[in-house]
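**Student:** To start, I am sharing the structure in question, which I have written as structure tokens.
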Amino acid sequence: MVTDGPASNSPAPHKRRPRYAGKNPRRFEDKYKERDPQRHPDTVEKVIASGKTPAGTHRPIMVAEILEVLAPSPGKLAVDCTLGYGGHAVEILKRIQPGGRLIGLDADPLELPKTEARLRALGFDPGAFHAHRSNFAGLPRILAVHDLAGADLILADLGVSSMQIDDPSRGFSVKHEGPPDMRLNPERGEPASALLKKLKPHALAELLTDNADEPRAAELAVALAERSFATTIALAQAIRDASPRLKKDDANLTVRRVFQALRIAVNDEFSALDTLLRMLPGCLAPAGRVAILTFHSGEDRRVKKSFEAGLRDGLYSEISREVIRPSAEEQRSNSRSSPAKLRWAGKK
């Protein structure tokens with residue numbers, strides 16, 4: 001008998017089975033059963049019932065109010081400028097069929113393919129949905145790509161999605177330790193850690209004031225500017241150390257404001273929003289409507305002033321006179337909806 005080589009009676013090397021992560025696993029990937037909803041539907045239900053968002057997902061905010069404002073109907077052309085997890089987009093797509101189209105924009109190269117696949121799997125006509133990797137400032141260019149003069153309804157849900165907040169590798173929060181990155185598009189720009197390292201105290205103080213209305217901006221800037229922070233936890237601790245007299249809840253709020261201010265700066269969010277607001281009237285078809293959901297005062301002020309100026313200058317025929325807030329029930333069932341503010345505008 002011919003063989004390819006000497007026979008070996010040695011036993012195969014032992015392969016250790018993966019260890020059970022236990023009740024309190026450390027890795028984000030192991031910690032949350034709701035990241036696999038098909039295997040753990042009961043866990044997902046419990047998380048939602050507790051007023052929280054299942055890890056790796058996003059619960060759309062003020063869906064009923066947005067649908068009432070935008071009034072999607074069959075055959076309409078819709079644009080979701082911040083596609084995110086696709087929750088708003090799905091509800092709009094349902095209502096513009098048959099014959100309608102939705103164009104979705106999102107700057108996040110990690111989440112956009114997942115959302116596009118999720119929406120495609122729902123069975124809408126292939127031509128009813130188009131996804132583009134772009135922030136909302138690129139709206140005029142995207143409409144031009146499709147040879148469209150304007151959309152019947154436009155939605156922009158500003159801020160950060162739960163998928164981004166919950167993922168420690170993105171560095172948006174202190175829920176889990178990760179690099180202080182905070183970029184919506186990790187392939188562009190510089191992380192928050194690099195920005196902090198190069199900013200002088202006076203520049204950081206201005207940033208904290210402008211982007212988060214931080215009352216202790218000057219004091220915090222002295223403690224944080226031109227320093228290196230390897231993790232979100234280290235940065236948060238430095239913020240708390242600079243605020244020794246604050247109570248725990250107030251210190252946590254300060255941490256959130258600093259993270260918010262850095263995120264806005266890293267992603268140049270106000271500049272992108274200003275561009276969108278300036279371009280919006282020209283991106284709406286006759287009788288078109290736009291709805292914008294904001295999550296902090298700096299965004300809301302910009303939207304309010306832009307809509308008021310547009311009404312005064314005849315660019316809009318009507319606007320929301322009062323801000324629309326989530327219902328008390330929604331705020332109880334989804335705590336992340338609490339700071340949301342909705343405003344709208346329409347053309348003749």
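Read-outs throughout are calculated quantities, based only on the coordinates presented, and are distinct from any laboratory measurement. Nothing here was measured: the structure is a model prediction, and the numbers come from that model. Because the Cβ atoms are built from the backbone with ideal geometry, glycine has one as well, and the counts that use them run over all protein chains shown.
**Student:** Ser73 versus Ala128, label points 7 Å from Cα toward the beta carbon: distance in nm?
**Tutor:** 1.8 nm
**Student:** Write out the trypsin sites (Lys or Arg not before Pro) in the stretch 212-290 meeting two conditions: DSSP loop, and at most 16 other Cβ atoms within 10 Å of their Cβ.
**Tutor:** Working: sites: Arg216, Arg227, Arg240, Arg245, Lys247, Lys248, Arg256, Arg257, Arg263, Arg278, Arg289; in loops: Arg216, Arg227, Arg245, Lys247.
Answer in residue order: Arg227, Arg245, Lys247.
**Student:** Give, as ranges by residue number, the residues of the stretch 196-232 whose backbone N falls under 14 Å from the point 7 Å along Cα→Cβ of Asp250.
**Tutor:** Residues 215-217 qualify, since their backbone N sits under 14 Å from the label point.
**Student:** In which sequence would Phe270, Phe307, Phe136 go, from the one with the fewest C-beta neighbours within 10 Å to the one with the most?
**Tutor:** Values: Phe270 15, Phe307 24, Phe136 27.
With the sparsest Cβ surroundings first, the list reads Phe270, Phe307, Phe136.
**Student:** At a Förster distance of 41 Å, what's the computed FRET efficiency of Ala218 paired with Leu110, Cβ-Cβ distance as r, to 0.05? Each step should come with its number before you reach the end.
**Tutor:** Numbers: r = 36 Å, r/R0 = 0.88.
Plugging the Cβ-Cβ distance into 1/(1 + (r/R0)^6) gives 0.70.
**Student:** Which order do Met279, Met182, Met163 fall in if you start with the one that has the fewest other Cβ atoms within 10 Å?
**Tutor:** Numbers: Met279 17, Met182 26, Met163 20.
Arranged by neighbour count, lowest to highest, Met279, Met182, Met163 become Met279, Met163, Met182.
**Student:** Which of the peptides 117-126, 80-89, 64-73 is most tightly packed, and how do the rest follow, judged by the mean count of other Cβ atoms within 10 Å per residue? Don't jump to the answer; show the numbers that get you there.
**Tutor:** Details: 117-126: 11.9, 80-89: 24.8, 64-73: 17.3.
Peptide ranking by packing, descending: 80-89, 64-73, 117-126.
**Student:** Counting only C-alpha contacts under 8 Å and six or more residues apart, can you give the relative contact order of the stretch 186-266 as a whole percent?
**Tutor:** Working: 88 pairs, mean separation 31.4, N = 81.
The normalised contact order for the stretch 186-266 reaches 39 percent.
**Student:** To continue, here is another question. Return the distance in nm (one decimal) between the two label points of a simple spin-label model at Arg325 and Ser228, each offset 7 Å from Cα along Cα→Cβ.
**Tutor:** Reported label-point gap for Arg325 and Ser228 is 4.5 nm.
**Student:** Structure shown: which of Lys76/Lys347; Lys304/Lys348; Lys305/Lys347; Lys247/Lys341; Lys94/Lys114; Lys175/Lys248 lie over 21 Å apart, alpha-carbon to alpha-carbon? Mind showing how you got there, number by number?
**Tutor:** Details: Lys76/Lys347 15 Å; Lys304/Lys348 19 Å; Lys305/Lys347 17 Å; Lys247/Lys341 28 Å; Lys94/Lys114 19 Å; Lys175/Lys248 16 Å.
Checking Cα-Cα distances, Lys247/Lys341 exceed 21 Å.
**Student:** Suppose each label sits 7 Å from its Cα in the direction of the beta carbon; what would the Lys305-Ala194 distance come out to in nanometres?
**Tutor:** Computed distance between label sites Lys305 and Ala194 equals 3.0 nm.
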